[in-house]
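The values are calculated or read from the model by the stated rules, or taken from the named source; none is laboratory data. Please read these numbers as outputs of a predicted model, since none were measured by experiment. Heads up, the Cβs are rebuilt from the backbone with ideal geometry, glycines too, and the neighbour counts pull from every protein chain shown.
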Amino acid sequence: SGQFLICTNPAVINEHDVKVYGKEPPGTPPMTVPHLDTRYIDGERTLLFGPFANVGPKFLKNGSNLDLFKSIKPYNITTLLSSAVKNLPLIKYSFDQILMTKEGCMNHLRTFYPEARDEDWQLYTAGKRVQVIKDTPEHGKGYIQFGTEV
């Protein structure tokens with residue numbers, strides 16, 4: 001899933017009308033591009049920074065903690081393992097993100113907004129993202145597809 005820092009200080013929120021994008025870290029997918037963004041959530045203006053990776057076994061926000069484990073079958077284990085081997089930089093990046101503390105997230109934010117104060121921001125889980133992993137003729141076993149497929 002994705003996490004964002006969300007600003008809780010109305011004075012800071014009202015000061016910034018922004019959409020600022022950084023560059024994606026090397027070896028990571030486009031969804032990792034950090035950005036500082038004014039958004040409206042439930043009709044209320046807010047300021048978000050992220051995304052930061054988060055992980056959990058559920059495929060849907062209200063899914064089961066067994067979703068991931070139920071998806072592993074004898075016929076797809078080689079596809080999953082191939083995907084892991086082919087995407088070691090992405091796996092390392094994801095683990096680094098998952099282990100990042102709020103302090104680490106704030107340090108990233110300060111590259112965009114140096115005056116950011118810890119007490120004005122909190123981590124917020126925005127939703128779920130499940131990647132399609134499949135075998136394809138052009139990419140072989142364990143291709144991670146970023147996007148949506150039905």
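Take the residues in the stretch 1-14 that are in a strand (DSSP E or B) and more than 13 Å from T38 (Cβ to Cβ); name whichever of them is modelled with the lowest pLDDT.
Looking at the filtered set, the residue picked out is G2.
Specify which of the listed residues (L80, L47, L36) is touching a residue at least 60 places away in the same chain (Cβ under 8 Å), assigned to a strand (DSSP E or B) and out of contact with any Pro (no Cβ under 8 Å at 6 or more places or on another chain). Talk me through it step by step, then tell me what you get.
Values: L80 fails: assigned to a strand (DSSP E or B); L47 fails: touching a residue at least 60 places away in the same chain (Cβ under 8 Å).
Exactly one residue qualifies, and that residue is L36.
Given the conditions (1) part of a loop (DSSP other than H, G, I, E, B); (2) of a type outside the set (S, T, N, Q); (3) over 19 Å from P114 (Cβ atoms), which single one is not true for D17?
(3)
Would you mind finding the one in Y124, Y143 that is in a strand (DSSP E or B), within 17 Å of I6 (Cα to Cα) and in contact with a strand residue (DSSP E or B) (Cβ under 9 Å, 6 or more places away or on another chain)?
Numbers: Y143 fails: within 17 Å of I6 (Cα to Cα).
Criteria check complete, one pass: Y124.
Tell me whether the stretch 92-99 contains one or more residues that are out of contact with any helix residue (DSSP H, G or I) (no Cβ under 9 Å at 6 or more places or on another chain), of a type outside the set (A, V, I, L, M) and part of a loop (DSSP other than H, G, I, E, B).
No, the stretch 92-99 contains no residue that is out of contact with any helix residue (DSSP H, G or I) (no Cβ under 9 Å at 6 or more places or on another chain), of a type outside the set (A, V, I, L, M) and part of a loop (DSSP other than H, G, I, E, B).
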